[in-house]
Amino acid sequence: MSPITLSILLGLTAAAANGFGGAVIVQKNWERSYLRYFVALGSGFMLATALLEMLPESMQLAPKRAPLLILAGYFLVHLFEHTVSPHFHFGEETHPEEFVAAHKGYSVLLGLAIHTFFDGIAIASGFLVSPWLGWVIFLAVFLHKIPEGFTAASVMLASGRSRRVAWAASAFLGAATLAGVLTMAALRHSVADGLPVSAGVTLYVAASDLIPEVNKEPGIGMAVMVFVGVGTLFVLHHFFG
Ligand SMILES: [Zn+2]
Ligand SMILES: [Zn+2]
């Protein structure tokens, strides 16, 4: 299978996980406490993937430009999730008073869509470099996709939207992911730029969006799960890397 075909299939899988995450919150009685395990495991796995796999490959592809592109990717997410959006954090939205102006929900969705677009860029860039890099990035993306869809749908509900619109918001994130895969497929000769920018995005999502959520949890269980995520990458690297 060509790297592009595989990227598209896995992009669709990641997109479906966004939609599933949205459905978890739209369906009132669905169990959701397990989502925090995905956040904790995903944060460790993503951070290790960004630093140990995406950064070194980026430095090989573009030794001069990569550091600046990584920084640009990092602050791109900061700009759209936390500067353009008035209020954003991963997980269930529990501050409806922040969303009295209903349009604020859409600015959060825009920020998340920019980030998920680069989830797609990351998957396709990985497969353009090697099957190993593609699979490990896909796994890093997949692990936070369900909480991501959950977050988008819960922001929409907090800003007074219907359940149908809330689920559509999570599906929209899935579409943005797929758009990222297709964009990178079209611009495959620019993988030396796509990989470092998406490495910066991955670094931000892991260290600045997900780990702060883990740190809000009482007890050490969730904190330990972060190390399990890091360890999982080492094990996979040993056998497949
Ligand atoms: Zn909030
Ligand atoms: Zn994401």
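The values are calculated or read from the model by the stated rules, or taken from the named source; none is laboratory data. Since this is a predicted model, take the numbers as computed values, not measurements. Heads up, the Cβs are rebuilt from the backbone with ideal geometry, glycines too, and the neighbour counts pull from every protein chain shown. Side chains included, ligands, DNA and RNA excluded: accessible areas come from the protein's heavy atoms. Shrake-Rupley method; radii C 1.70, N 1.55, O 1.52, S 1.80 Å.
Annotations
- Helices (runs of 4 or more DSSP H) fully within region 150-240 that include at least 3 residues being of a type outside the set (A, V, I, L, M, F, W, C) and either within 21 Å of Tyr106 (Cα to Cα) or touching a residue at least 40 places away in the same chain (Cβ under 8 Å) (or both): 163-186, 191-204, 221-240.
- Taking first residues from region 1-26 that are more than 15 Å from Ala140 (Cα to Cα) and partners that are open to solvent by less than 50 Å² (accessible area, probe 1.4 Å) and aromatic (Phe, Trp, Tyr), the Cβ contacts under 8 Å between residues at least 6 apart in sequence or on separate chains come to Pro3/Phe127; Ile4/Phe127; Leu6/Phe127; Gly21/Phe150; Gly22/Phe150; Val24/Phe150; Ile25/Phe150.
- Among the residues here, Ala66 does not qualify as farther than 21 Å from Val141 by Cβ, of a type in the set (Gly, Ala, Ser) and open to solvent by less than 10 Å² (accessible area, probe 1.4 Å).
- Of all the residues in region 84-95, those that are surrounded by 12 or more Cβ atoms within 10 Å (Cβ to Cβ) and away from ligand 2 (no atom under 16 Å from the Cβ) number 5.
- Exclusive hit being surrounded by fewer than 21 Cβ atoms within 10 Å (Cβ to Cβ) and on the phi < 0 side of the Ramachandran plot, set Ser170, Ser198, Ser162: Ser162
- Out of Ala15, Ala48, Ala102, Ala23, sole residue that is more than 18 Å from the chain's Cα centre (by Cα) and either part of a helix (DSSP H, G or I) or small (Gly, Ala, Ser) (or both): Ala102
- In region 36-54, the residue that is farthest from Tyr74 (Cα to Cα) out of those that are surrounded by fewer than 20 Cβ atoms within 10 Å (Cβ to Cβ) and of a type outside the set (Phe, Trp, Tyr) is Arg36.
- Per the conditions (1) under 22 Å from Ala40 (Cβ atoms); (2) hydrophobic (A, V, I, L, M, F, W, C); (3) surrounded by fewer than 24 Cβ atoms within 10 Å (Cβ to Cβ), the sole criterion not satisfied by Ala152 is (3).
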